[in-house]
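The structure under discussion appears below in the form of structure tokens.
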């Protein structure tokens, strides 16, 4: 088995931690793994993309258009921006949160309406998740990333215990419980 | 044990395992993490230098002193360090010397996309280029061996996708190599003409030996799959080609990109009916092939600009294009912006309001060029603003209203020399130092103004006021950039003054510990008159409600800096109790 996962969001939303957690879990499942991220400018509230690729042997560290099995979107507009990267039968798991980009804030452009419906109308399998509320219920709005990882985990066959171990090894001690709670909420999410 | 390592982390691991003991660098995306990771090893001394030239000189000195030494920088940093680099090529080394340079094809966070392989050619230095993290680590070891065997500094070239990708890497133990004894040898190390003439002969002979090495080097490998198509590639382009062709092509993977082998390439080209040279940016390998009269396909198919990827190779060579879906409407772009609470925002608001010409520089504050502030007229390189404003005002004295803006780290990097020029040549320029107590854009590194070293030790810090005074600037004004009345008054007075001024706008970056984060503000919907005055500062936390046309503040983003409060004439923005 192999897979291509794109994690897209807004700088500051915790996409890098999401890829780090996947990176802590996937090699243990016997996969070769490559993860590619872009630092620097993209962190300042810009659009951020991380590519996670796994399989028997991975060459390119990036995912090309039409090649992603999953897009894990932290924000609606970012989901819309990257749908061209999805495989014909790929899935989008999308946090329903909206964050206005500067052209919308300044009034130069409108934030597109009904994004989930429009994506669905293209025949794309999209799973909208109110990850922000679920993260807040878990104790921190910042845990959106782990909620979304909970949702995608069942598709990837990730073992819960294995993932929780990764949380313990990756996040600061005082955030471990919040993250585990957020992960369980994602896992239990009824699709 | 195999571990998933970032390319930059793997370079750091390679330094550790190779017995490197001295590292000096200046941060620059995408190279920064090498030095941050290597600083975590107690066995390695690591520091941030004020700029890349200093960093390379420190590393050269350490090498002459007998240690395995290292410096890292981004591609444009190598321009700054080019002076010592070119002559260190003549002196050669004592302890091994490796210099990493990270190119940024596609300009994810750079002002140009120059190809550093050209620096390797013109400085006559060997350059190796890894394609994944495992090679990042291994190539550092090979680079040190080459450095000591061939008596030369060795360049390690990375690109963004290698530096910032993680792949599985085997960890090994450190080999202590100790520090070699230093022996006085002016003919080798004192580069006066009489000695340098002799050393140039040594350099040319060395290049010949290195070409011979390249012919059989274990990092230049042929993978013959009995195909029609042959591919010559290095670095990440090799991975893209593998992704695109798999075993439907044969490969000559060049781990060493300078000097290039001749026979190895010619023999490879002879075996396949079509040979593609796949390389980002300049046609370095391709030109080498063409000089030898080899018939290869390169830049007539692949671009000189930006990145290459597997999809592009499939499309250009195999004519295969993926079918993609897209929404049938424009998707607003999401460019990077100054953070909510960013101390730079107040200064740029005032500069826009006053309509002055702004000579900008490299850092987070370059974002002042974006809408709605649009308060930047020129940005070139590190330090340009301070030197450039002097030239600008000399050229257009009638204009009379121009300032330079530069961050604390960039000012130390190469702004101070421009300021000395301003004082010395009686320029009447206004320089605003945006002192946010950190090197922000590259991810918050310490610098000589912060009082803390890379290793986290307390140290002396540059007193910017005293420094400016010492070079001959008498008008020095400190302001809080969020006190916009004072900023405005300071800029206006300084523009009218008959002598040069340095305004130090001092407030810590909102992302660092020193910064004060307060409760989010709210907009009193009854008091808001929809005048949009608060929108002028370009804070991403403030937007206008579509339904009521009134302002609202996103409480997940707002840090309570209260700059917007000063914009509102109706007292509509307040603290949320």
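FYI, it's all coordinate maths here, none of it is from the lab. Source: prediction; values computed, not measured. Note that we place each Cβ from the backbone using ideal geometry, even for glycine, and neighbour counts take in every protein chain shown.
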Would you work out if region B:220-318 is rounded, prolate or oblate? Take a ≥ b ≥ c from the square roots of the eigenvalues of the alpha-carbon gyration tensor; rounded if a/c is under 1.5, else prolate when a/b is larger than b/c, oblate otherwise. rounded
For chain A, set up a GNM with springs between Cα atoms under 10 Å and report which of A:45, A:157, A:14 has the largest fluctuation. A:157
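Computed over the Cα atoms of region B:344-506, what is the convex hull's projected area averaged over all directions, in nm²?
Computed as one quarter of the Cα hull surface, the answer is 8.8 nm².
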Using a Gaussian network model of chain A whose springs link C-alpha atoms within less than 10 Å, name the residue from A:122, A:22, A:77 with the highest mean-square fluctuation. A:122
For A:78-85, mean number of other protein chain Cβ atoms within 10 Å: 4
Two-site FRET efficiency, residue B:556 against residue B:455, from Cβ-Cβ distance with R₀ of 41 Å, rounded to 0.05: 0.75
Starting from the Kirkwood Rh over alpha-carbon pairs, what translational D in µm² s⁻¹ does region B:1-79 have by Stokes-Einstein at 25 °C and 0.890 mPa s? 198
Shape category assigned to region B:168-230 from the gyration tensor of Cα positions, a/c cut at 1.5: oblate
For region B:2-216, what proportion of DSSP beta bridges, expressed in % and rounded to the nearest 5, is antiparallel? 20
Tell me whether region B:364-445 comes out rounded, prolate or oblate; compute the Cα gyration tensor, take square roots of the eigenvalues as a ≥ b ≥ c, and use a/c under 1.5 as the rounded threshold. oblate
Kirkwood hydrodynamic radius over Cα pairs of region B:521-575, then Stokes diffusion coefficient at 37 °C and 0.692 mPa s, in µm²/s: 302
With Rg from the Cα atoms and Rh as the Kirkwood inverse mean 1/r over Cα pairs, chain B has an Rg/Rh of 1.02
Per residue of A:49-62, what is the mean number of Cβ atoms on other protein chains within 10 angstrom of that residue's Cβ? 5
What order do you get for B:390, B:444, B:344 when you list them from fewest to most C-beta neighbours inside 10 Å? B:444, B:390, B:344
For region B:313-387, report the convex hull volume of the alpha-carbon atoms normalised per residue, in Å³, without decimals. 175
Would you calculate the separation in nanometres between label points at residue A:141 and residue B:571, each defined as 7 Å from the Cα along the Cα-to-beta-carbon direction? 2.8
Expected unfolding gain across residue B:192-residue B:483 under the 0.36 nm per residue rule, minus the alpha-carbon gap, is 99.3 nm
Any idea what angle helix B:193-216 forms with the longest principal axis of chain B, computed on alpha-carbon atoms, 0 to 90 degrees, nearest 10? 70
Going by Cα centres, region B:183-257 and region B:140-174 are how many Å apart? 13
Treating the angle as unsigned and between 0 and 90°, give the value, to the nearest 10°, between the Cα long axis of helix B:384-395 and the longest Cα principal axis of chain B. 70
Given labels modelled 7 Å from the Cα in the Cβ direction, how far is it in nm from residue A:125 to residue B:396? 5.8
Direction-averaged shadow area of the convex hull around the Cα atoms of region A:97-140, nm²? 4.2
Residue separation times 0.36 nm, minus the C-alpha to C-alpha distance between residue B:546 and residue B:267: what's the value? 93.7 nm
B:167, A:19 arranged by Cβ crowding within 10 Å, fewest neighbours leading: A:19, B:167
Antiparallel as a % of all DSSP beta bridges within the protein assembly as shown, to the nearest 5? 35
Cα-only radius of gyration and Dmax that characterise region B:1-146, units Å: 13.8, 41
Quick one: check the C-alpha center-to-center distance for region A:125-173 versus region B:333-397, whole angstrom. 40
Show me, bin by bin at 10 Å from 0, the whole-percent P(r) of region A:91-187 based on Cα pairs. 15, 37, 30, 15, 2
Order of B:318, B:85 - criterion: other Cβ atoms within 10 Å of each residue's Cβ, fewest first: B:318, B:85
Could you work out the Rg to Rh ratio of region A:142-191, with Rh taken as the Kirkwood radius (inverse of the mean 1/r over all Cα pairs)? 0.94
DSSP bridge pairs, region B:344-506: antiparallel proportion in percent, nearest 5: 10
Enter the mean number of other protein chain beta carbons within 10 Å of the beta carbon of each residue in B:499-507, as an integer. 0
Whole-angstrom gap from region A:47-94 to region B:500-569, using each part's C-alpha centre: 34
Given a Förster radius of 60 Å and the C-beta distance between residue B:40 and residue B:290 as r, what FRET efficiency does 1/(1 + (r/R0)^6) yield to the nearest 0.05? 0.85
Rounded to the nearest angstrom and ordered from largest down, what semi-axes does the equivalent ellipsoid of chain A get from its C-alpha gyration tensor (root of 5λ)? 24, 20, 16
Within region B:122-137, the residues whose backbone N lies under 17 Å from a label point placed 7 Å from the Cα of residue B:282 along the Cα-to-Cβ direction are B:122-129
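Quickly rank B:484-493, B:53-62 as a protection proxy: mean count of other C-beta atoms within 10 Å, highest first.
In decreasing order of mean packing, B:484-493, B:53-62 become B:53-62, B:484-493.
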Roughly how many nanometres apart are two label points built 7 Å out from the Cα toward the Cβ at residue B:517 and residue B:86? 4.8
Per-bin percent of Cα-Cα distances, the protein assembly as shown [20 Å]: 16, 46, 34, 5, 0
Dimensions (Å) - region B:111-186, Cα atoms, principal axes, largest first: 42, 35, 19
